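Structure, as structure tokens:
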Amino acid sequence: MTDTATGPVAAEITARLTAALSPTRLEVVNESAQHRGHMGDDGSGESHFRVVVESAAFVGRSRVDRQRLVNRALADLLAQKVHALAIVARAPGE
């Protein structure tokens, strides 16, 4: 089961990606329940996420460059609070 993320970590992910990328579409999905009891599950219920980001910042950039932009915006969260992040990054119209 996946849930639209509403906790404090999810809110921080949303705020940072909004500030860094001005997305035209942003989905932050908490997939932590699927990983309960697995490595990286810290018991917070906010350790594994999937983001779908559509932004003009991705126009003309490779998939790897797009993921780097997302990772850069979330760097300290990824180092401290988020164990796993799946990224779908698209330019408008893709």
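The values are calculated or read from the model by the stated rules, or taken from the named source; none is laboratory data. These numbers come from a predicted model, not from an experiment. Glycine gets a Cβ as well: all are built from the backbone with ideal geometry, and neighbour counts include every protein chain shown. Accessible surface areas use protein heavy atoms only, side chains included; no ligands, DNA or RNA. Shrake-Rupley method; radii C 1.70, N 1.55, O 1.52, S 1.80 Å.
Label positions at Arg25 and Ala11, each projected 7 Å from the Cα along the C-beta direction, are separated by 2.6 nm. With every protein chain in place and a 1.4 angstrom probe, the accessible-area ranking of Thr18, Thr6, Thr24, largest first, reads Thr6, Thr24, Thr18.
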